[in-house]
1. Can you tell me, using C-alpha contacts under 8 Å and at least 6 residues apart, the relative contact order of segment C:141-273 as a whole percent?
2. Calculated FRET efficiency, residue B:371 and residue B:61, Cβ-Cβ r, R0 60 Å, to nearest 0.05?
3. What's the FRET efficiency of residue C:69 with residue D:73 using the Cβ-Cβ distance as r and R₀ = 25 Å, to the nearest 0.05?
4. Mind scanning D:70/D:135; C:95/D:70; A:178/D:73; A:178/D:124 and naming the pairs with a C-alpha gap bigger than 24 Å?
5. Do you know the relative contact order of segment B:301-359, to the nearest whole percent, from alpha carbon pairs under 8 angstrom that are 6+ apart?
6. How large is the charge dipole for the protein assembly as shown, taken about the Cα centre, if only the Cβ atoms of Lys, Arg (+1) and Asp, Glu (-1) carry charge, to the nearest 20 debye?
7. What nm value, rounded to one decimal, do you get for the distance between residue B:414 and residue C:111 when each label is placed 7 Å out toward the C-beta?
8. Considering only D:128, C:77, B:282, whose Cα is most displaced toward the positive end of the charge dipole of the protein assembly as shown, charges sitting on Cβ of Lys, Arg (+1) and Asp, Glu (-1)?
Amino acid sequence: MTAELSFNQEIANMMYATHGNPISHCLQCGTCSGTCPAVEFMDYTPRAIIGMIRENFKDEVLASNTYWSCASCYHCTVRCPAGIDIADMMYALKRYSMWKSRFKEGLIGPDFSEGFVKMIVNSGKSFEPILATTYLPKFSAGDLVQEALTATGLVLKGKIPLLPKRIKRLKKFQRMVKRIIPLGELS
Amino acid sequence: MVQVGSHPNITLLTWSEVTKVDGYVGNFVVTINKKARYIKTEDCTGCGICWEKCPWKVVDEVFEVGMAKRKAVYVPFPQSVPKYPVIDAPNCAYFLKGTCKACEKFCPTNAIDFNQKDEAISVQVGNIILATGFDLFDAKRIPQYGYGRLENVYTNLEFERLCNAAGPTGGNIVLRDGKTVPKTVGIVHCVGSRDQNYNSYCSAICCMQSLKFAHLVHERTGAEVYNFYIDMRTPSKGYEEFYQRLLEEGTHFVRGKVAEISDFARVPEEEGKLVIQVEDTLIGKQRRIPVDMVVLSAGLQPRHDAKEVGKMFGIACSSDGWYIERHPKLDPVATMTEGVFIAGAVQGPKDIPASVAQGAGAAARVLGKIQQKEIALEPVRASINEAQCSGRRICNGLCPFSAILFHEDKMVSEINPALCQGRGTCVAACPAGAISGTCFSNEQIPFADRGIAAAQSRCKGGGGCVVVIG
Amino acid sequence: MKQYAYYPGCSLESLAKPYQLSAKEVSLALGLDLREIEDWNCCGATAYFPVDELLAYTLVARNLAIAEKTGLTDFVAPCSACFKNAYYTNNYLKKDPDLADHINFALEEDSLHVEGTLKVRHLIEVVLEDVGLEAVKNKVAHPLAGLKVAPYYGCQLLRPRKDHEDVENPQYFEELLSAIGAEPLEYASKTRCCGASLIITNRKAALEMVHLLLKEAIERGADVIVTTCPMCNVNVEVYQSQVNREFGTNYSIPVMYFTQLMGMAMGIAPRRLGIAREPVPKAQAPVSA
Amino acid sequence: MNVQKRLIIIDDDPDFVGGIKSILERAEYQVDTAYNPKDGFQALQARRYDLLLLDIMMGRGAEGIALARKIRKDPKLREMPVLIITSVREQIAFLFPGQAVHPNFVDVDELVEKPVEPKLLLEKVSALIKAAEEKHLQPQ
């Protein structure tokens, strides 16, 4: 019986704290996908993803770029007639795929999230310019030039300071993080 | 309706409101406020000269949904029964400024009476049927559909007037400018229905209504019609066949709940159009469909005052606000209050045939009761032992059917068995233990428990059983 | 002067410096005392939740705890993403004692404790609710008459709250703009996402989203797009040239923070509002402050 | 004859749960399962278990730790031995690369990392149950 735990239930278990298992209430009406501003860049629409989760198409869901293309704008969430927090479900899928290292090849999203978290754990603050340049290798040549031009322009305009900031009580902050994620020796 | 108006055994009170209901089945006393009509109905012939001559025009927000005007003296719609008009005092020149009286001057039978006052009457009746209908969902509550903001977005009621030969456009389906015939029309189903953000139930009539609209648009304008639906629900006789006909007529059926309607064009084809953004769930793609006109099939909802009215008649509303029937399957016409029946959309969303059927059912139930001359009540009733009653009146306010009355002289409460429905709240609440329920006395309950246990031990869980105790 | 625990967020220290400057100037002029909380950290934005939501809440909770320590009652964020994270974490902490307990265990490392008692608010809400439109009107020295403004709410200022007034067609930004004499335009895209969180991870999608926002604002005749969030502002402003390259357009429209526009109307010198540091010049703005 | 020992696994990974459940059942243990911390805690309150096998990364994040802390504070559950079986290091390895799961994040009895050898698993389980029983007997 245990091995038959459906993908639907697995995702519900990721969302148990805030939402229980709302995916089951989906009417497949497509309000989410009709609303989504990023839908044309997704392999499957959000509605289709919900349908696929319910019908246990785990491999196909995980291999799609849909959940990593979600912009977290929550427009689907507020409109959903079945009360499903679809944006939150996308986060659950992202976590699932990160923890299991199962996501579509060539996506920037997982690396970006990794880098973002690492940066915060290391400094307590986020700093966009560093992030952007970190992912430059993943951009195509054209994008790269454009991004570099924009960044240089911003530095020249005085918008970006050249050095990132750090919080003062960084050591304590990091020990705080380690109480949540039990990795690394406690210093 | 005309027959009803002229039947000798039917007294029709329009422009009237029930303010109080006392008594019980066979013996209700209903107090009614007959609002001043300013027309002597005994003299009025309904000739219509008054509203022809009245110089004051008022936007008709009710029957014409704001799309046309009526006079300050008017009948709500041409076929209304009875035929007498009413003067709309807040909009009448005489009541506002003290002059005019055009209607009075022209009335051939001197039926106008500006001095009429509201009149409270009370009637004694044996049974009551409530058929107060529904309210339309306010489409403005869904701002992303643009109703009230985007000109050519219509509600179903507005479109209904647009199609009507006696309506503001004489039955021509045109845009708000009054002349342009739309080339494409989008009809949006489930507006405010099947949606936890608004009403979570299905409004039952919108699918067929939307199909009818699509058919009328085809027939009168030849326009392309897009119907946007979640599920197509055509469960009654002949309805599926109508759906088939629409499919043959070439209506586009897009399966998907409309996300938003916008007047902003992204591409040249969208210029000057309303753009319906939706996922076509059968294709799995977001589509933007430019149309000239949008019709929103707004759902049904309980009357805004259903709760207060229900309270007056001793009946309860479900969580959605519809009146609760005695039993959803076995007794969908009666209510928990003996002698009060419901018919039509007060009970829940339903279409015309179903409302007519229920109305006939309710009438038959009342006739049956009249015929019987006496009524059989459910045996489960509460009664008060006068000797034990301490007269503290704790039970008095608890009864939802107002079945408990108090004798000031004897300082004891008494239960009217005709009103009591055996709910037992009072039995549990009485600190003196003076109230007992028939069949539920302390002595009887252990036996009943044993009976249930025995029944359970034999039960194979097949369902469909009814266990009757007592 | 009412004091507020002010949480600027990372962007206001780098890309959105003009927001920081103008927010401080305008608040001061309106009688709002924004006290920046000490040693705050990043709130996790949108990129943290995919890794560990619990950790994301902890990050936000640290800021809330620092703010609670000041004894002030209101936590104010000018960034919509920070606001949304703080608002929800605060609610979760109140609703879920186990979560609060676990997070407080972690916060002990920094001698902090969080209760979830603060009122979390966005800066524009504070301006509207605590100052009020009348008081704003009274402060206006140079009404921005004739300035056509596209009011851009963005996403996380409004959503996913459902209990809030009108999430689909809010009007308060328009009312604020009218109060400073500007002319708010009907802007259908006003609550559409700008795609800021995708600009690095899914550039094409984000540029398309920016493209549509710009297209509507310009076609409706806007002189300027006004924002309430550093992410939106930077995204819509900075990527205009890339949108032009991608879509063959020729868009050039200034993008300003609502605080900058208010500051101009109130007669504060542009330099002090961080104006003229933007990549897209404000030359079109017909204001002679 | 020994009374059969009853264990509970709280882990969100159905494949892993399925695997160790069958190993444990073959070793004559009675095994219950829960796939999220909430259901898990409810199960723990509903009946007595001789051992808990607990995962770390569940739901919103490292919720196993929150649960372990909650159990250690509960006077009724405090005595129950807990075996943490986790792949947290792999799941978010990038955060502190190369570093171990730090052992004293919460007072638990034992921690092993996935994938776990069946033999080792059974050894740890029986040792923990035995130790708990001895500890329980000592004060009397």
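1. On the way: 201 pairs, mean separation 39.7, N = 133.
The normalised contact order for segment C:141-273 reaches 30 percent.
2. 0.90
3. Details: r = 25 Å, r/R0 = 1.01.
Once the sixth-power term is evaluated, E becomes 0.50.
4. Values: D:70/D:135 21 Å; C:95/D:70 17 Å; A:178/D:73 20 Å; A:178/D:124 26 Å.
Among D:70/D:135; C:95/D:70; A:178/D:73; A:178/D:124, the Cα-Cα distance tops 24 Å for A:178/D:124.
5. On the way: 75 pairs, mean separation 15.3, N = 59.
Rounded, it is 26 percent for segment B:301-359.
6. On the way: 123 positive and 124 negative charges, 208 e Å.
That gives the protein assembly as shown a dipole magnitude of about 1000 debye.
7. According to this spin-label approximation, the distance is 7.8 nm.
8. Comparing the listed Cα positions along the dipole, C:77 ranks first.
Every number in this text was worked out from the coordinates using simple rules, so none of it is lab data. Quick caveat, the model's predicted, so the values are computed rather than measured. Note that we place each Cβ from the backbone using ideal geometry, even for glycine, and neighbour counts take in every protein chain shown.
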